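The structure under discussion appears below in the form of structure tokens.
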Amino acid sequence: MGVGSLGKHHARIYSELPQSNLVAVIDPVEDRAEEIASRYGCRALKDYRQVFGEVDAVSLAVPTTSHSEIGCHLLSEGVHVLVEKPISNTLEGADRLIEAQEKAGVILHVGHSERFNPALTELGKHITNPLFFEGHRLGFFVPRSLDVDVLLDLMIHDLDLVLTMSDQSVAETRSVGIPVLSDQVDIANARIEFRNGCVANLTASRVSNEKVRKLRFFQPNQYISIDFNGQKTEIFGVKGGTSKTINRVIVKGKNIEPLQAEIGAFLDSVMGREKALWPGPCSSQEGRRALQLALRLMGQIDDHQNRVSISL
């Protein structure tokens with residue numbers, strides 16, 4: 001449901017995967033739905049309720065502000081849902097989705113597709129005790145996802161990954177951000193300190209003149225650099241006794257499109273044949289966890305902007 005810039009790729013992948021049969025694409029823009037439907041040999045619909053009783057699962061790639069309302073309706077009808085990130089724009093919306101999922105006993109995954117990036121999928125066994133993260137997620141301005149700010153649009157990928165890799169609760173946060181080309185915050189920086197002393201410094205921008213997707217972190221005797229664009233990870237470690245040297249290892253998982261891997265994992269879960277993956281699909285609770293941290297950071301940005309306007 002929703003075949004805009006991202007949803008059309010969901011449609012393509014469902015049409016290609018052997019374990020799925022693409023029944024319909026749904027979009028309020030009729031011409032757009034008909035174009036995608038004709039491309040992949042399925043029906044074009046305007047109203048998602050028309051597929052009740054005909055489908056097992058739905059990808060929900062509509063504006064974030066509609067995730068909760070539509071997602072809850074789908075879940076209550078027994079439809080398994082892969083909802084694009086973030087899970088919702090509010091914690092209340094996320095909680096309604098989780099409640100509907102639990103009541104219906106169906107699958108609800110959140111589309112944090114970077115979890116399936118080849119740069120990351122083989123990294124789990126190398127993580128010991130991260131102490132400092134430095135992340136940059138920069139992109140060109142495109143007129144999409146402008147119903148939310150850059151923290152929910154871009155930074156939330158790194159928030160999810162840092163929470164997963166650190167496996168620690170948050171102690172303190174600081175954040176700053178400004179709008180540039182939209183009414184929402186387009187550039188933001190966040191500093192997150194965890195209970196064990198680990199610190200994450202993350203920057204996200206959707207008005208950059210270059211595309212950067214990198215996350216680096218340090219742990220005892222190792223520096224690890226993840227390049228999501230290049231889909232590879234470099235691990236630099238200290239080896240040797242008295243005369244120490246730096247050892248460099250490149251780690252990369254299976255060469256597969258992250259979105260395809262994510263949708264494949266979603267379908268495996270729907271069919272009850274989950275595979276052991278790290279970090280694996282983003283559950284509804286993990287999606288809520290990332291949203292909660294993003295909203296906390298957004299609240300600090302809003303508070304700062306309000307104080308500045310009052311002081312002027």
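Identify all residues within region 114-141 that are surrounded by fewer than 20 Cβ atoms within 10 Å (Cβ to Cβ) and assigned to a helix (DSSP H, G or I); write none if there are none. Those that are surrounded by fewer than 20 Cβ atoms within 10 Å (Cβ to Cβ) and assigned to a helix (DSSP H, G or I): 124, 125, 126. Criterion applied to 59, 66 was being under 25 Å from the mean Cα position of the chain (by Cα) and in contact (Cβ under 8 Å) with a residue 24 or more places away in the chain, and the one residue passing it is 59.
Listed by first and then second residue, the pairs linking a residue in region 78-92 that is within 21 Å of residue 271 (Cβ to Cβ) to a residue that is among the hydroxyl-bearing types (Ser, Thr, Tyr) and part of a strand (DSSP E or B), with Cβ atoms under 7 Å apart and 6 or more places separating them unless they lie on different chains, are 82/59. Any residue that is in contact (Cβ under 8 Å) with a residue 60 or more places away in the chain and either surrounded by 13 or more Cβ atoms within 10 Å (Cβ to Cβ) or among the aromatic types (Phe, Trp, Tyr) (or both) - is there at least one of those in region 236-248? No, region 236-248 contains no residue that is in contact (Cβ under 8 Å) with a residue 60 or more places away in the chain and either surrounded by 13 or more Cβ atoms within 10 Å (Cβ to Cβ) or among the aromatic types (Phe, Trp, Tyr) (or both).
Considering each of 98, 87, 70 in turn, give the residue that is in contact with a Phe, Trp or Tyr (Cβ under 8 Å, 6 or more places away or on another chain) and not assigned by TED's automatic domain parsing to the domain that holds residue 195.
Going through 98, 87, 70 in turn, just one is in contact with a Phe, Trp or Tyr (Cβ under 8 Å, 6 or more places away or on another chain) and not assigned by TED's automatic domain parsing to the domain that holds residue 195: 70.
Is at least one residue of region 10-31 at positive phi and without any contact (Cβ under 8 Å) to a residue 60 or more places away in the chain? Checked region 10-31: no residue is at positive phi and without any contact (Cβ under 8 Å) to a residue 60 or more places away in the chain. What pairs can you find where one residue is in region 159-176 and under 15 Å from residue 292 (Cβ atoms), the other is exposed (fewer than 15 other Cβ atoms within 10 Å of the Cβ), and their Cβ atoms are less than 6 Å apart, with a gap of 6+ or different chains? If the second residue must be exposed (fewer than 15 other Cβ atoms within 10 Å of the Cβ), the pairs left are 168/195; 168/196; 169/195; 171/195. Select from region 66-82 the residues that are of a type in the set (Gly, Ala, Ser) and either in a helix (DSSP H, G or I) or touching a Cys at 6+ places or on another chain (Cβ under 9 Å) (or both) and list them in ascending order. Result: 66, 68, 71, 76. Determine, yes or no, whether residue 136 is modelled with pLDDT of 95 or more and closer than 18 Å to residue 64 by Cα. Judged against the criteria, residue 136 is not a match. Taken together, the criteria exclude residue 61 from residues that are surrounded by fewer than 21 Cβ atoms within 10 Å (Cβ to Cβ), among the small types (Gly, Ala, Ser) and at pLDDT 95 or above.
Looking across 272, 230, 280, 253, one residue alone is small (Gly, Ala, Ser), surrounded by fewer than 17 Cβ atoms within 10 Å (Cβ to Cβ) and more than 26 Å from residue 142 (Cβ to Cβ). It is 272. Might you let me know whether region 225-235 holds any residue that is polar (S, T, N, Q) and over 23 Å from residue 10 (Cα atoms)? Among the residues of region 225-235, at least one is polar (S, T, N, Q) and over 23 Å from residue 10 (Cα atoms), which makes the answer yes. Within region 142-187, which residues are surrounded by 24 or more Cβ atoms within 10 Å (Cβ to Cβ) and assigned to a strand (DSSP E or B)? The answer is 177, and nothing else.
Residues of region 207-226 that are hydrophobic (A, V, I, L, M, F, W, C) and farther than 18 Å from residue 118 by Cα: 207, 218. Restricting the search to region 192-221, which residues are among the polar types (S, T, N, Q) and either within 16 Å of the chain's Cα centre (by Cα) or at pLDDT 95 or above (or both)? Within region 192-221, 196, 201, 203, 205, 219 meet the criteria.
The values are calculated or read from the model by the stated rules, or taken from the named source; none is laboratory data. Keep in mind that what you see is a predicted model, and the values were worked out from it rather than measured. As a convention, Cβ positions derive from the backbone with ideal geometry for all residues, glycine included, and neighbour counts pool all protein chains shown.
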